[in-house]
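Beneath this line is the structure, given in structure tokens, with notes to follow.
Every read-out reported here was derived from the displayed coordinates using simple, explicitly stated rules and does not represent laboratory data. Computed from a predicted structure; not experimentally measured. We place every Cβ from the backbone using ideal geometry, glycine too, and count neighbours over all the protein chains shown.
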Number of protein chains: 2
Amino acid sequence: MELKRAKGTQDFLSNEMILRLEVEDSIRNIFELYGFSPVETPVLERFDVLTAKFAGGEEILKEMFTLQDQGKRKLGLRYDFTVPLARLVAMNPQVKLPFKRYQIGKNFRDGPLKPGRYREFTQCDVDIVGVSSVKADAELANIAVAVFKELKIPAVVKMNNRKVLDAILEEAGVKKSQWVSVILTIDKLAKLGLASVKKELQAKGVDAKAIAKVIKLISIKGSNKEKVKVLKTALKNQEGIKEVEELLAFAPRVEFDCSLARGLVYYTGFVMEAFALKSKISSSIGGGGRYDDMIGSFKGNIFCPASGFSFGLDTIVDVLKEKVKNFKQSVTTVFIIPIKTFKESLQVTQELRSNGINAEVDLMDKNISKNLDYANKKSIPFVVFFGNDELKKKRVKLRDMKSGKEELITVKELIKKVTNL
Amino acid sequence: MELKRAKGTQDFLSNEMILRLEVEDSIRNIFELYGFSPVETPVLERFDVLTAKFAGGEEILKEMFTLQDQGKRKLGLRYDFTVPLARLVAMNPQVKLPFKRYQIGKNFRDGPLKPGRYREFTQCDVDIVGVSSVKADAELANIAVAVFKELKIPAVVKMNNRKVLDAILEEAGVKKSQWVSVILTIDKLAKLGLASVKKELQAKGVDAKAIAKVIKLISIKGSNKEKVKVLKTALKNQEGIKEVEELLAFAPRVEFDCSLARGLVYYTGFVMEAFALKSKISSSIGGGGRYDDMIGSFKGNIFCPASGFSFGLDTIVDVLKEKVKNFKQSVTTVFIIPIKTFKESLQVTQELRSNGINAEVDLMDKNISKNLDYANKKSIPFVVFFGNDELKKKRVKLRDMKSGKEELITVKELIKKVTNL
């Protein structure tokens, strides 16, 4: 047996896991402030559900982990939360609309590995099912802004609307049969730059004049208002740009970027993508959009609009790790060192715990210097010494590990002191 | 495509998921009060790690989900957290001992389905690695007691020590070669009763006198103290019973049950198992024990003692569901109904949110009665009406959905009122 993890998977020791749970709790908190309730669907889904023709699309299916149960049923590991959400809604017609739910957990893709890309990764998804109004997209945009504010990550949330892109292509005279393909090329703008996008469009046989016009329109600079103004004049089909204007009235902090396309085929209106600023990490830290067709297809072709946003926990934590200098190594606040008083020390430890203080007591009969070394390495802020001397005086000796200051105090005073920090 | 879940898996809609997360948070809180820090290992593990000969044992391996990645590497879905913990410790020699960690998440077993038994289930594991002292087992016993107290589940945490069982078998004159097999039969006592256990031991060829003596010793009744006293007189090998006595001094709330055996082969000392009282659910809601050999085997046969306890979240939630009458359907506290004032209502909603109140605003332009119906079905406690009349008066109309009482108040008063609840 080789002592190895499965390829593309990660372990998180406590230093990193404490940070990950803090981030997860912050995101959960924002989702709940916005009135989204949790749901959970399984990791294992039926193969035929995950590969339904209106699901994630060919590219994702190539990366799906597949397996069989002992009854030879074909299964897959979920690759996102959206297809399982569609199944969940379709199987639960009693659910009241709007269905505002969030789900946080692992997803799995057996794809090529790059820095920051794993085969098992954590996503935090928030979706509104049943609302076709821009108001829903605005709520999601505001959530994205709120999450990064809460996490103190300088970030930009970019927004566009597929209908704006369509109108641009129409205006530029691109053949309708080429739209999907052209949009997938435009999606690469941020990564490849204008020149490469131009070349790719030429290679795809798009008319030179049309390319020039497309490039001109998706390169508009300026404030949100200025960009909207230019496009309102330039475009014949106004539906998309009007939706953009409406969204900006409710979610003014997002950035309208009419070159944003996003790779996924199932988006039908708004698309959004978030990036960290002042960070070495250039990949997106979240993204989403409107997908009005997918859920209805699972329900037998009923119209069931939906819009969602997904936060990539791993990438977000990578961004935060650039800034964090001292990782918390342990959740413990007070470490108690018994000096031949284990039973009494355990009582003090239990009293701290019942007062809501995370407390640990030496279980290994280590000597004082080894115990101090442990507390130090674990970055535990307070150590308590408890020997017969202290026992007689009905006091404990508290050491502040940062300042080195020691004082003899009662357990009651200890509780008060630590609680007030 | 059939709209179905994979066999043996569950969906959790918000009503159930809110409860599950509350339970998970309570358990996490107790773990942290006891100074255990979180870690995470992946769902996917290498097949050879999961099937190592010192790992979970044959019975579990029969139920393992196996798969391959695209590089044809053999993988499995984890069936518990203990084997991955052993791998984690072995791969991270820098980790300070004692290593006190917890892990909460899904495990997977492709086994037969029974009521309350699923192929994908959530476990909350807490383990101490590196401590051979009874003090570690006592901490785990106290955690088990604390968790059920926190969750308000009347429960008994039973405890025994494999060394006590061995001493009983020795005393009764059972051949050493039969010990493991006899212990597996004793493990069925609670389920099958004394008569069946006797029959099974006879069938296994155990000497009749020995059976009578075993039955007599494992049937001892009385308080913990009384049972310890009887066994201290009856047993020649005192090691186990002395450990039991020591543990009871530090963890007096557990019940010493010298018939408790537990199925798993890897336990080397204490075993524990918890059951809900006054519940229809008779299967255990948690269990654990000492396994001093497993982790060291992964480290190349170093001695590395360990002890752990695992809570079964699904069963615990099943127990709680027997008592809960009104499930929370939504996390939302205030639902705002705009009456032709969406933009201003959104501002009020955002103000509530930035004051820490979970708030939702109608996104679908429903009429008042449909909105009230939605709030009602979702058991949202407060509704706010906000029309032009209220806008002019710089007030909102708050309705307490329980009492039906309505009042015209400022947003500031609204925040104060809801926050104080």
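Considering only B:Asn326, B:Leu75, B:Phe65, the residue lying farthest towards the positive end of the dipole of chain B is B:Asn326, judged by Cα position with unit charges set on Cβ. In chain B, the calculated helix contribution to ellipticity at 222 nm averages -12000 deg cm²/dmol per residue, counting -39,500 (n - 2.57) for every DSSP H run with n ≥ 4. Restricting attention to the range A:334-419, close to 50% of DSSP beta bridges with both partner residues there are antiparallel. Between B:Leu192 and B:Lys366, the FRET efficiency from the beta-carbon distance, with R0 = 60 Å, is close to 0.55. Label point of A:Asn355 (7 Å along Cα→beta-carbon): distances to the other copies' equivalent points are 3.3 nm, sorted ascending. Seen from all directions on average, the range B:264-326 presents a Cα convex hull projection of 5.3 nm². Inter-chain Cβ neighbour count for B:44-54, averaged per residue, equals 4 (cutoff 10 Å, partner chain atoms only).
The mean number of partner chain beta-carbon atoms within 10 angstrom of a residue's beta-carbon across peptide A:21-27 is 1. Among residues other than B:Lys221 with Cβ under 11 Å from its Cβ, the summed charge is -1 (Lys and Arg +1, Asp and Glu -1).
Each listed q (0.17, 0.20, 0.23 Å⁻¹) maps to a log10 I(q)/I(0) for the range B:217-305, found by the Debye formula over equal Cα scatterers with no solvent: -0.87, -1.08, -1.24. Temperature 25 °C, viscosity 0.890 mPa s: under these conditions the Stokes-Einstein estimate for the range B:58-99, based on its Kirkwood radius over C-alpha pairs, is 199 µm² per second. Electrostatic tally near A:Ile357: other residues with Cβ closer than 11 Å to its Cβ, Lys and Arg +1, Asp and Glu -1, net 0. Between helix B:239-250 and chain B there is an angle of about 30 degrees, using the helix long axis and the longest principal axis of the Cα atoms.
With a Förster radius of 51 Å applied to the beta-carbon distance between B:Glu58 and B:Thr233, the computed FRET efficiency rounds to 0.85. Pairs exceeding a 30 Å alpha-carbon distance, out of A:Lys149/B:Lys393; B:Lys158/B:Lys328; A:Lys158/A:Lys213; A:Lys188/A:Lys321; B:Lys158/B:Lys209: A:Lys149/B:Lys393; B:Lys158/B:Lys328. Distance from the axis that maps chain B onto chain A is least for the Cβ of the chain B residue given, with the whole Å value, as B:Leu67, 2. Dipole magnitude for the range A:334-419: about 120 debye, using +1 per Lys or Arg Cβ and -1 per Asp or Glu Cβ, origin at the Cα centre. The alpha carbon gyration tensor of the range A:54-209 gives principal lengths a ≥ b ≥ c with a/c of 1.5 or higher and a/b greater than b/c, which makes the shape prolate.
Note on the range A:1-129: the C-alpha convex hull projects to 10.5 nm² when averaged across all orientations.
Across peptide A:88-100, the mean count of Cβ atoms from other chains lying within 10 Å of each residue's own Cβ comes to 3. Applying Stokes-Einstein at 20 °C and 1.002 mPa s to the Kirkwood radius of the range A:14-323, computed over alpha-carbon pairs, gives a translational diffusion coefficient of 105 µm² s⁻¹.
Normalised by the number of residues in the range B:334-419, the mean separation of alpha-carbon contacts (under 8 Å, six or more apart) gives a relative contact order of 30 percent. Neighbours of A:Asp110 by Cβ distance under 13 Å: Lys/Arg scored +1, Asp/Glu scored -1, total +4. Here, P(r) means the percent of Cα pairs in each 5 Å bin from 0 to the largest distance; for the range B:299-338 it is 5, 12, 12, 12, 10, 9, 9, 8, 7, 6, 5, 2, 2, 1.
Distance distribution note for the range B:334-419: the fraction of Cα pairs above 18 angstrom is 34%.
Plainly put, the protein assembly as shown has a radius of gyration that is 1.01 times its Kirkwood radius, both from alpha-carbon atoms, as the Rg/Rh ratio. Over what distance in Å are the Cα centres of the range A:270-290 and the range B:379-397 separated? Result: 36 Å between the Cα centres. Rounded to the nearest 10 degrees, the angle from helix B:368-377 to the longest Cα principal axis of chain B is 10 degrees. One decimal, nm, shortest first: give the distances between the label point of B:Ser379 and those of the same position in the other copies, each label point 7 Å from Cα along Cα→Cβ. Reported distances to equivalent positions: 4.0 nm.
Computed from Cα atoms, the angle from the helix B:313-323 axis to the main principal axis of chain B rounds to 60 degrees.
Computed from the Cβ-Cβ distance with R0 of 22 Å, the FRET efficiency linking A:Asn420 to A:Asp400 stands at 0.95. For the peptides B:133-143, A:154-164, the ranking by mean Cβ contacts within 10 Å, running from highest to lowest, is B:133-143, A:154-164.
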